[in-house]
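Data first, discussion second: the structure below is written as structure tokens.
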Amino acid sequence: MMRIIYVDVDTLRADHTGPYGYARPTTPNLDRLAERSVVFEHYYASDSPCLPSRTALTSGQFGITNGVIGHYGEAARFRLDTGHGAPGERPLLGQHLQQHGHYMAAVSMFAERHRAYFFLGNFRESVRATDRLGDETAEEINEVAFDWLRRHGQDEDWYLHLTYWDPHTNYTQPVEWTEKAAESGPAPAWPDQEAIDAHGEIYGPRTALDLHYAFGPRSSPVPHNMPEAIHDRADFEHMINGFDGAIMYWDHHFGKLLKLLEELGIAEETAIIVSADHGESFGEHGSYGEHGLASEEVHRLPLVFYWPGVTEDLDDDQRRSDALLYNIDLAPTLCDLLDIPTPAGWQGESFADAVRGGEHASREYLVLGHGAHTYQRSVRTRDHLYTRTYHPGAFKAEWEQVFNVTEDPHQTTDLLPSNPELVDRLRSMLAEWWNFYAGRPGAQPDPMLTTLQDGPAMYNNPVKYAEHLRATGREHLAKDLEDRLATAAGTVPVSWHTPMPGEYGVGFITPPGQRRPVRPGAGHGQTGPGQAR
């Protein structure tokens, strides 16, 4: 018998929680859970942000395989198998657990928010706590979840997925939680004023001077929790207080969930897994309050893993694992712990040995992909992060960068010019991974390449954003954006068979003086790259 609650906290940045060493006491209830759990230090979303991450999590596959690397159009089309029932080799996690005796339920509006209706295939029962498509509070989630637990908590073999949204912008918690965060200790020392000043030259939605730009310029929707822009340390602290206050608010209600389990007499018989879909940038690469890059702070996830009868009896030195892991590894891990077979089409690897307190062989490297605000893929080794930009969207994203994340956690010193041998090695890892998953017989096309002409322009059209830069006196930045987008597609004649940019996108911006094209009106068991051999 096993009861499982998966606590999915949108945008919960790992290093802003107690189990990951944050100086502010943001998560006292999560901290208490961690005392009888295993904490995973280097657990990463294979794909970000929201839709790609949860699709990878529940499909057990990378976005390059399952088809979802972004948030709209062909970049967000989940590759469903034809036929009836769950696919034998690549079922959704929920389908597979259900076939092996678990009752699957969820309190989440994720499927509706992102038109990800395939997500509902994980569950026999899925409830939306409110009629809204965002900004549900932890209190509202708990109200529905508690009702479900009071009715079903004593049953055997169930899995309940709870999606909390509080740390995602906009920070809608009552202002007293923001004030509590401000009073709890100093904000992180970085970025300092020098870094903030430099970020004025970083353009893009959700940057220092365009903090609330989305589809167009906007004012702060919650001025008591978020400033209008980031001009100085006071603005930065204002925003961090809002984010940390949102985490404190969530943790408070998470504590109520733990208390209910005790009241129902099932606390010691219920596994609790706390994680997130992605993290958040707070100044890294000049991005603020956004999850728009294949970067360390966006892809690193918290994972606090309590498994009754196993983790509470571990020694302290068994309670932390530093193996490089993906979120697609969770599905085979659950199969391992539940003693059920792992589907052959899943691409993750079980880390159940680490949950049991044993050693787990780490991958040599991970490949991380982002496709909603930029098109990027990154290689994460034990110390380094190499990033390749395929399309910058409307953001000032460099084509290639390399950072020593261990020594330079905010990724401020690019090693690309000074260490060509390291760069070549990391480039080869990305090529090895791509060739394995998209360059062999039977592989379907990489959705990041097949949608590259439009790029990630659903939220912010680069042409419109360049106009905004000019309207706000930043002509040189508008020109820089146009130059980045005026690549091969804009300078080399293209066959008329090639479609022009679509409804949202702008594929490229033609350099001044050139003719602008007319836009239309409207397996598990195989050792994959980077895995331990």
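The values are calculated or read from the model by the stated rules, or taken from the named source; none is laboratory data. None of these values were measured; they are calculated from a predicted model. All Cβ positions, glycine included, derive from the backbone under ideal geometry; neighbour counts span all protein chains shown. We work out accessible area using only protein heavy atoms, side chains counted, and drop any ligands, DNA or RNA first. Shrake-Rupley method; radii C 1.70, N 1.55, O 1.52, S 1.80 Å.
Scan region 314-359 for residues that are of a type outside the set (Asp, Glu) and assigned to a loop (DSSP other than H, G, I, E, B) and report the count. Even if it seems obvious, please write down each step before you answer.
Of all residues in region 314-359, those of a type outside the set (Asp, Glu) come to 314, 318-321, 323-328, 330-335, 337-338, 340-348, 350-352, 354-358.
With assigned to a loop (DSSP other than H, G, I, E, B) added as a condition, the list becomes 314, 319, 323-324, 340-348, 350-351, 356-358.
Result for region 314-359: 18.
State which residue is nearest to residue 53 (Cα to Cα) when the search covers only region 77-105 and only residues that are of a type in the set (S, T, N, Q) and modelled with pLDDT of 95 or more.
Initially, region 77-105 is screened for residues of a type in the set (S, T, N, Q), giving 82, 95, 98-99.
Cutting the leftovers down to modelled with pLDDT of 95 or more gives us 95, 98-99.
Details: 95: 18, 98: 22, 99: 24 Å.
If we take residues in region 77-105 being of a type in the set (S, T, N, Q) and modelled with pLDDT of 95 or more, then 95 is nearest to residue 53 (Cα to Cα).
Among 101, 63, which is the only one that is out of contact with any strand residue (DSSP E or B) (no Cβ under 6 Å at 6 or more places or on another chain) and under 27 Å from residue 341 (Cβ atoms)?
None of the others qualify; the one that does is 101.
So the check is Cβ under 6 Å with 6+ separation or different chains; which pairs have a first residue in region 451-471 that's over 21 Å from residue 70 (Cα atoms) and a second one that's aliphatic (A, V, I, L, M) and assigned to a helix (DSSP H, G or I)?
Correct list of pairs: 466/478; 466/481; 469/477; 469/478; 470/478.
Taking the condition open to solvent by 10 Å² or more (accessible area, probe 1.4 Å) and more than 19 Å from the chain's Cα centre (by Cα), does residue 406 pass?
Spelling it out, residue 406 is indeed open to solvent by 10 Å² or more (accessible area, probe 1.4 Å) and more than 19 Å from the chain's Cα centre (by Cα).
Among the listed residues 106, 56, 76, which satisfies the condition of being hydrophobic (A, V, I, L, M, F, W, C) and touching a His at 6+ places or on another chain (Cβ under 6 Å)?
Residue meeting the stated conditions: 106.
Taking the stated definitions as given, is residue 108 under 23 Å from residue 152 (Cβ atoms), at pLDDT 95 or above, crowded, with 19+ Cβ neighbours inside 10 Å and out of contact with any Phe, Trp or Tyr (no Cβ under 7 Å at 6 or more places or on another chain)?
yes
Residue under question is residue 155, and the condition is that it be under 29 Å from residue 334 (Cβ atoms), over 21 Å from the mean Cα position of the chain (by Cα), part of a loop (DSSP other than H, G, I, E, B) and of a type outside the set (Gly, Ala, Ser); does it hold?
It is true that residue 155 is under 29 Å from residue 334 (Cβ atoms), over 21 Å from the mean Cα position of the chain (by Cα), part of a loop (DSSP other than H, G, I, E, B) and of a type outside the set (Gly, Ala, Ser).
Could we say that residue 472 is under 25 Å from the mean Cα position of the chain (by Cα) and open to solvent by 20 Å² or more (accessible area, probe 1.4 Å) here?
Criteria not met by residue 472.
Can you tell me which residue is farthest from residue 11 (Cα to Cα) among those in region 130-148 that are crowded, with 20+ Cβ neighbours inside 10 Å and touching a helix residue (DSSP H, G or I) at 6+ places or on another chain (Cβ under 6 Å)?
Among those that are crowded, with 20+ Cβ neighbours inside 10 Å and touching a helix residue (DSSP H, G or I) at 6+ places or on another chain (Cβ under 6 Å), it is 142.
How many of the residues making up region 1-15 are under 21 Å from residue 282 (Cβ atoms) and touching an Asp or Glu at 6+ places or on another chain (Cβ under 6 Å)?
The qualifying residues number 3.
If you check 304, 274, 222, 298, which single one turns out to be in contact with a His (Cβ under 7 Å, 6 or more places away or on another chain) and not small (Gly, Ala, Ser)?
Only one candidate qualifies: 298.
Quick one: in region 216-252, which of the residues that are in a loop (DSSP other than H, G, I, E, B) and of a type in the set (Asp, Glu) is most open to solvent (accessible area, probe 1.4 Å)?
228
Considering every residue within region 5-22, establish whether at least one is over 27 Å from residue 129 (Cβ atoms) and crowded, with 22+ Cβ neighbours inside 10 Å.
no
Would you mention how many residues in region 291-313 are in a helix (DSSP H, G or I) and out of contact with any strand residue (DSSP E or B) (no Cβ under 7 Å at 6 or more places or on another chain)? Working first, answer last.
Filtering region 291-313 for residues in a helix (DSSP H, G or I) gives 296-299, 311-313.
Then keep just the ones that are out of contact with any strand residue (DSSP E or B) (no Cβ under 7 Å at 6 or more places or on another chain); that gives 312-313.
Adding up the residues that qualify gives 2.
Please state which one of 361, 352 is among the hydrophobic types (A, V, I, L, M, F, W, C), out of contact with any Gly (no Cβ under 7 Å at 6 or more places or on another chain), surrounded by fewer than 24 Cβ atoms within 10 Å (Cβ to Cβ) and more than 23 Å from residue 104 (Cβ to Cβ).
361
Identify all residues within region 254-291 that are open to solvent by 10 Å² or more (accessible area, probe 1.4 Å), at negative phi and out of contact with any Gly (no Cβ under 8 Å at 6 or more places or on another chain); write none if there are none.
Within region 254-291, 255, 256, 258, 259, 262, 263, 267, 268, 269, 290 qualify.
Got a sec? Which of 74, 89 is surrounded by fewer than 18 Cβ atoms within 10 Å (Cβ to Cβ) and part of a helix (DSSP H, G or I)? Break it down stepwise before answering.
Working: 89 fails: part of a helix (DSSP H, G or I).
74 is the lone residue from the list that is surrounded by fewer than 18 Cβ atoms within 10 Å (Cβ to Cβ) and part of a helix (DSSP H, G or I).
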